[in-house]
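One structure below.
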Amino acid sequence: MALQSFPEKWAWQRANERAGSDEEIKSIYEKFTLAQKLEKEGRLKEAKALYKEAAQRARVVYIEEEEYVRDRVRFEQELKRQRELAERYFEEGRLEEAKQLWRGIVEKD
């Protein structure tokens, strides 16, 4: 299965992994929890505002994580392409070109 099919899943996974240590994520959970409490108390206008705020912040976090994942996928694909080219150069006896590509791969990774 291609790497491109997973960014959305990985973005949510990364956001969830941040939940235990990231203040921003903790703040979103706190807002959501407070909104639930306010809703149970009948303070619906206040609850709605907090739900909206938490949802907006969560969306921003998700978009940030999705961008990160997509960048990493592109980076990994580029490294793979360079590795394959270096291997082809090596097989063709173009050792200096292969060596330069491998060096570049190691420096990037």
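Net charge dipole, the chain: roughly 540 debye, given to the nearest 20, about the Cα centre with Cβ charges of +1 for Lys and Arg and -1 for Asp and Glu. Taken along the Cα-to-beta-carbon direction at a fixed 7 Å, the label points for Arg18 and Glu41 span 2.9 nm.
For Lys37, the lysines whose Cα comes closer than 20 Å to its Cα, not counting residues fewer than 8 places off in the same chain, are Lys26, Lys45, Lys48, Lys52.
Taking the inverse of the mean 1/r over every pair of distinct Cα atoms in segment 1-90 gives a Kirkwood hydrodynamic radius of 15.5 Å. The residues neighbouring Lys9, those whose beta-carbon lies less than 13 Å from its own, together hold a net charge of -2 under the Lys/Arg +1, Asp/Glu -1 convention.
As a test of the formula, what do you get for the chain when each DSSP H run with n ≥ 4 contributes -39,500 (n - 2.57) and the sum is divided by the residue count, at 222 nm and rounded to the nearest 500 deg cm²/dmol? Show your work: numbers first, answer last.
Working: 4 runs with 92 residues, N = 109.
That calculation yields -29500 deg cm²/dmol at 222 nm.
For segment 38-79, what is the convex hull (Cα atoms) projected area averaged across all directions, in square nanometres? Numbers along the way, then the final one.
Working: hull surface 12.1 nm².
In nm², the orientation-averaged hull projection of segment 38-79 is 3.0.
Sparse packing (at most 10 other Cβ atoms within 10 Å of the Cβ) combined with a DSSP loop state is found for the following GluC sites (Glu not before Pro) in segment 18-109: Glu41, Glu92.
Every number in this text was worked out from the coordinates using simple rules, so none of it is lab data. Being a predicted model, the structure only gives us computed values, none of them experimental. Using ideal geometry, Cβ is built from the backbone for each residue, glycine included, and neighbour counts are taken over all protein chains shown.
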